[in-house]
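Taking it in order: structure first as structure tokens, then the write-up.
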Amino acid sequence: MAIIKQLDKRSGITYVYDSKSYRDPETKKVRSKRTLIGKLDPETGDIIPTDGRGKKRSPNYVPEPGEYQMPSTVKELKAEVLRLLEENAVLKDKITKLQSKSKGL
């Protein structure tokens with residue numbers, strides 16, 4: 001077993017893996033199996049354990065002014081769906097008007 005540190009260049013996060021080597025009987029070569037342990041804290045150098053289910057936003061995350069925010073409650077989600085359905089109906093009306101104008105030319 002060995003501890004492997006790997007830097008993700010896109011996010012700047014260093015991930016820590018537990019690497020176990022084994023011999024593949026088919027290819028007769030040595031292979032390794034990596035298991036995610038966690039992230040490396042850049043300030044303290046400690047390993048922050050992760051559950052391995054994906055990246056989560058930082059608690060310090062602040063959305064950009066035009067960025068879409070996913071509704072956090074069912075009530076907000078229903079309101080968002082209704083808003084999108086209304087927007088969809090308006091856009092469909094605009095499309096039919098534009099198509100009828102182009103046929104008339």
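Observations on the structure shown:
- Heavy atoms of Asp46: accessible area, 1.4 Å probe, square angstrom to 10: 90 Å²
- Applying 1/(1 + (r/R0)^6) with R0 = 22 Å to the Cβ-Cβ distance of Asp8 and Asn60 gives a FRET efficiency near 0.75.
- Only protein heavy atoms count here; under a 1.4 Å probe, Lys94 has an accessible surface of about 120 Å².
- With the whole protein complex present, Glu86 retains an accessible surface near 120 Å², based on a 1.4 Å probe.
- Largest first, the residues Leu77, Leu82 sort by 1.4 Å accessible area into Leu82, Leu77.
The values are calculated or read from the model by the stated rules, or taken from the named source; none is laboratory data. These numbers were taken from a predicted model, which means no experiment stands behind them. Neighbour counts run over all protein chains shown; Cβ positions are idealised from the backbone, glycine included. Note: areas computed on protein heavy atoms with side chains; ligands, DNA, RNA excluded. Shrake-Rupley method; radii C 1.70, N 1.55, O 1.52, S 1.80 Å.
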